[in-house]
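Participant: Below you'll find the structure I mean.
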Protein chains: 2
Amino acid sequence: MGAVKTKRMPRAVREQQMLDAAVRIFGQRGYMAASMDEIAELAGVSKPLVYLYLNSKEDLFTACIRREATALTAAVRAGVRQELPADRQLWEGLRAFFAHTAEHPDGWSVLHLQARTHGETFAAEVAAMRAELVTFVTRLVVVAAREAHRDPGLPEREVAGLAEALVGAAESLAAWANATPGVTARQAAATLMNFAWSGLGTLMSGRVWAPPGEET
Amino acid sequence: MGAVKTKRMPRAVREQQMLDAAVRIFGQRGYMAASMDEIAELAGVSKPLVYLYLNSKEDLFTACIRREATALTAAVRAGVRQELPADRQLWEGLRAFFAHTAEHPDGWSVLHLQARTHGETFAAEVAAMRAELVTFVTRLVVVAAREAHRDPGLPEREVAGLAEALVGAAESLAAWANATPGVTARQAAATLMNFAWSGLGTLMSGRVWAPPGEET
């Protein structure tokens, strides 16, 4: 790539190219094994320029986590039409989640595996994204309860627990789907929807699984 | 503690005391912040003795992960009576899982957070334990399908996906329960059982959540 072309490209565009390259290398090699040389080469820039723009490997990785986390939560929000019934909203949210993680496997690897595996600072970045997803799902469960036109007797704590369970299930399933050849995003979304909605739907209708009587 | 008493204690017993102390410090302080000084002090031994027995901070942490992973999977297996119907087996397995993680919050923090946050070697240790739990849950789903006395039309891949989803949900919920005052192990188990069993039960009866017709 010639020097003239390099000079003409705005900083913001070049920075995104560096982040594209970095997400790919971090996602595929892992944080420890990823080299700044390789990232610079894939981005088509010099290594000093990467350091000039992104400062350090740690800062570059943090920038990757933030960008991928923002993109994932934005994709889920954009995929959901809030005027629809709760089950459709959940279905659309799950489809958007699994479509995004399938289309960005390196980004998902950065968020789900790499960021949680290499220190508390990075893990905290992912925890913030996760909290946003949990809040989003919590709202959906509350909407579902309201639509059921009854007080479903679901205490706030139970709703919070259900949202945590659903997000944990989605994370786990996305990692599995990306690692299992032939599993589509739609199939993964349908598996979780069947699992979650049948459960939630039954709960909303007031039927609960009853623990054995002898225990208290 | 006197030198005579120290000499009399068998190595295996002393090693367990060191691991007890290490799990507590690693779980509460985090892997990076944990100091070998503090671990030795809590175990009531000298720091050189910890190094003599466990070699290094990395090896000590690996030993902690292995011990806690073995204890957790053993607790789940021991909690389940295989002669019972599938829903009872799942309930007992969930109760054993949440009881163990609630009773050993430092061990669970080591497995769920610390081991995944500090490098691929440690993460691989936890992945092995997780694979064992997924296998265990997969068998339960297969048993449930058999008990439904019908071919439930659940392909092998769907069963694998359900097991991944359930384990991910349980992990997420255990972390939340331990961090939320007043949530008991039984409540966490009941929340997930309601969520999972209603969903699985409905699936086994052949009813699935139908995606909107216009999509294929």
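The values are calculated or read from the model by the stated rules, or taken from the named source; none is laboratory data. As the structure is a computational prediction, the values presented were derived from the model and not from experiment. Cβ: placed from backbone, ideal geometry, glycine included. Neighbour counts: every protein chain shown. We work out accessible area using only protein heavy atoms, side chains counted, and drop any ligands, DNA or RNA first. Shrake-Rupley method; radii C 1.70, N 1.55, O 1.52, S 1.80 Å.
Participant: Applying the selection to the range A:95-124, what residues are more than 8 Å from every other protein chain (Cβ to nearest Cβ), aliphatic (A, V, I, L, M) and touching a residue at least 12 places away in the same chain (Cβ under 8 Å)?
Facilitator: A:A96, A:A99, A:A102, A:V110, A:L111, A:A115
Participant: Sticking with this structure for a sec: Out of B:D59, B:D106, B:D87, I need the residue that is of a type in the set (D, E) and farther than 29 Å from B:F195 by Cβ. Which one?
Facilitator: Values: B:D106 fails: farther than 29 Å from B:F195 by Cβ; B:D87 fails: farther than 29 Å from B:F195 by Cβ.
Criteria check complete, one pass: B:D59.
Participant: A further question on this structure: Among the candidates B:R146, B:R207, single out the residue that is at pLDDT below 85, surrounded by fewer than 18 Cβ atoms within 10 Å (Cβ to Cβ) and facing another protein chain (nearest Cβ under 8 Å). Working first, answer last.
Facilitator: Details: B:R146 fails: facing another protein chain (nearest Cβ under 8 Å).
Exactly one of B:R146, B:R207 is at pLDDT below 85, surrounded by fewer than 18 Cβ atoms within 10 Å (Cβ to Cβ) and facing another protein chain (nearest Cβ under 8 Å), namely B:R207.
Participant: Contact list please: Cβ distance under 6 Å, first residue in the range A:52-70 and in contact (Cβ under 8 Å) with a residue 24 or more places away in the chain, second residue charged (D, E, K, R), pairs at least six apart or on different chains.
Facilitator: The qualifying pairs are A:Y53/A:E15; A:I65/A:E125.
Participant: Sticking with this structure for a sec: Looking at B:L173, B:L140, B:L192 in this structure, which one is at pLDDT below 85 and more than 14 Å from A:N194 (Cα to Cα)?
Facilitator: Exactly one of B:L173, B:L140, B:L192 is at pLDDT below 85 and more than 14 Å from A:N194 (Cα to Cα), namely B:L140.
Participant: Just a yes or no: is a residue in the range B:83-93 part of a helix (DSSP H, G or I) and under 13 Å from the mean Cα position of the chain (by Cα)? I'd like the intermediate steps shown before the answer.
Facilitator: Going residue by residue through the range B:83-93, those that are part of a helix (DSSP H, G or I) are B:86-93.
The next check asks that each one be under 13 Å from the mean Cα position of the chain (by Cα); those that pass are B:93.
Yes, some residue in the range B:83-93 is part of a helix (DSSP H, G or I) and under 13 Å from the mean Cα position of the chain (by Cα).
Participant: Being of a type in the set (G, A, S) and at pLDDT 90 or above is the filter; apply it to the range B:105-123 and report the residue that is nearest to B:A179 (Cα to Cα).
Facilitator: Step one: filter the range B:105-123 for residues of a type in the set (G, A, S), giving B:107, B:109, B:115, B:119, B:123.
Those still in the list that are at pLDDT 90 or above too: B:107, B:109.
Numbers: B:G107: 14, B:S109: 10 Å.
Restricting to residues being of a type in the set (G, A, S) and at pLDDT 90 or above, the top hit is B:S109.
Participant: What about A:A128, is it surrounded by fewer than 21 Cβ atoms within 10 Å (Cβ to Cβ), more than 21 Å from A:G30 (Cβ to Cβ), away from every other protein chain (no Cβ under 12 Å) and under 14 Å from the mean Cα position of the chain (by Cα)?
Facilitator: Working: surrounded by fewer than 21 Cβ atoms within 10 Å (Cβ to Cβ): yes; more than 21 Å from A:G30 (Cβ to Cβ): yes; away from every other protein chain (no Cβ under 12 Å): yes; under 14 Å from the mean Cα position of the chain (by Cα): yes.
Answer is yes for this residue.
Participant: Looking at (1) surrounded by fewer than 20 Cβ atoms within 10 Å (Cβ to Cβ); (2) at pLDDT 90 or above, which is the one condition that is false for B:G168?
Facilitator: With (1) surrounded by fewer than 20 Cβ atoms within 10 Å (Cβ to Cβ); (2) at pLDDT 90 or above applied to B:G168, the lone miss is (1).
Participant: Then there's this: Quick check on the range B:105-118: of everything there that is out of contact with any Asp or Glu (no Cβ under 7 Å at 6 or more places or on another chain) and not aromatic (F, W, Y), which residue is surrounded by the most Cβ atoms within 10 Å (Cβ to Cβ)?
Facilitator: Taking the candidates together, the pick is B:Q114.
Table: residues versus (1) of a type outside the set (A, V, I, L, M); (2) open to solvent by 30 Å² or more (accessible area, probe 1.4 Å); (3) over 30 Å from B:A144 (Cβ atoms).
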site: B:I39; (1), (2), (3): no, no, yes
site: B:L42; (1), (2), (3): no, yes, yes
site: B:V45; (1), (2), (3): no, no, yes
site: B:L52; (1), (2), (3): no, yes, yes
site: B:E58; (1), (2), (3): yes, yes, yes
site: B:I65; (1), (2), (3): no, no, yes
site: B:R81; (1), (2), (3): yes, yes, no
site: B:G93; (1), (2), (3): yes, no, no
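Participant: From B:G107, B:G168, B:G161, B:G119, which residue is closer than 24 Å to A:A131 by Cβ and not charged (D, E, K, R)?
Facilitator: Residue meeting the stated conditions: B:G168.
Participant: Could you grab me the full set of residues in the range B:186-198 that are open to solvent by 30 Å² or more (accessible area, probe 1.4 Å) and more than 7 Å from chain A (Cβ to nearest Cβ)?
Facilitator: B:R186, B:Q187
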